[in-house]
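Report on one structure; see the data block that follows.
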Amino acid sequence: HGSRRSEAKPRKARQGARRSSETYNLTTEPPHIPAMKFQPDRASDHSIRSYGPGWVMVGNEKIEHSLLLGPDGLRQNWNCQRFEDLRSEHFAPLAELDVELVLFGSGPQLRFVPPAWLAPLMQRRIGLETMDSAAACRTYNFLLGEDRRVALALLLQA
């Protein structure tokens with residue numbers, strides 16, 4: 001008799017747990033989906049619309065050379081096509097930008113520059129994040145959409 005009571009209590013507790021969590025049979029009733037608020041993207045003329053090997057689409061312009069992009073519409077040629085062409089001189093002008101962060105897209109694969117080349121950025125307390133060019137494009141758009149002061153130094157090599 002005493003054993004029945006001890007079995008009954010756990011059973012009720014388990015049943016109560018099942019009732020408190022919602023389950024849905026997908027064939028008979030749709031799950032409850034909370035309302036979602038949609039907001040338009042804050043795409044601008046200097047965000048990246050698409051990209052591929054050796055090119056990016058900025059606004060309505062297809063660009064097939066390495067470039068610098070900034071939050072205030074900066075769009076200029078970056079005179080280096082391959083990672084092997086980079087020198088410290090390519091990074092010094094980045095310290096003059098009015099940004100909090102520079103994203104460096106190193107081409108199709110992740111490659112790091114010597115830390116000494118970044119001294120001008122460090123002196124101005126500007127961060128630099130290195131990633132492959134595709135990831136740098138996505139991150140740039142994301143941060144730009146959050147109104148962050150970000151620049152993109154992008155190597156475009158096929």
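The values are calculated or read from the model by the stated rules, or taken from the named source; none is laboratory data. Note that the structure is predicted; figures quoted are calculated from it, not measured. Glycine gets a Cβ as well: all are built from the backbone with ideal geometry, and neighbour counts include every protein chain shown. Note: areas computed on protein heavy atoms with side chains; ligands, DNA, RNA excluded. Shrake-Rupley method; radii C 1.70, N 1.55, O 1.52, S 1.80 Å.
Couplings 3J(HN,Hα) of region 94-104, computed from phi: 5, 5, 8, 6, 8, 9, 9, 8, 10, 9, 10 Hz, in residue order, whole Hz [Karplus 6.51 cos²θ - 1.76 cosθ + 1.60, θ = phi - 60°; x for Gly and Pro]. Listed values for region 125-136 are Karplus-derived 3J(HN,Hα) couplings in whole Hz (6.51 cos²θ - 1.76 cosθ + 1.60, θ = phi - 60°), namely 6, 9, x, 10, 10, 9, 7, 5, 4, 5, 5, 5, and x replaces Gly and Pro. Quick check: the distance between the Cα centres of region 115-157 and region 48-76, to the nearest angstrom? Centre-to-centre distance over Cα atoms comes out at 14 Å.
Our summary of shape: the Cα atoms of region 43-82 have principal axis extents of 28, 19, 11 Å, ordered from largest down, in whole angstrom. Taking a Cβ cut-off of under 12 Å around CYS80, the surrounding Lys, Arg, Asp and Glu residues balance to a net charge of -1, with basic ones at +1 and acidic ones at -1. Classify region 106-158: rounded, prolate or oblate, from the alpha-carbon gyration tensor (a ≥ b ≥ c, eigenvalue square roots; a/c under 1.5 rounded; otherwise prolate if a/b is larger than b/c)? It comes out oblate by the Cα gyration axes.
Counting only protein heavy atoms and a 1.4 Å probe, region 71-158 has 53 square angstrom of accessible area per residue.
Near GLY107, the amide H atoms lying under 5 Å from its own belong to SER133, LEU155; only residues 5 or more places off or on other chains count, and H is placed 1.01 Å from N.
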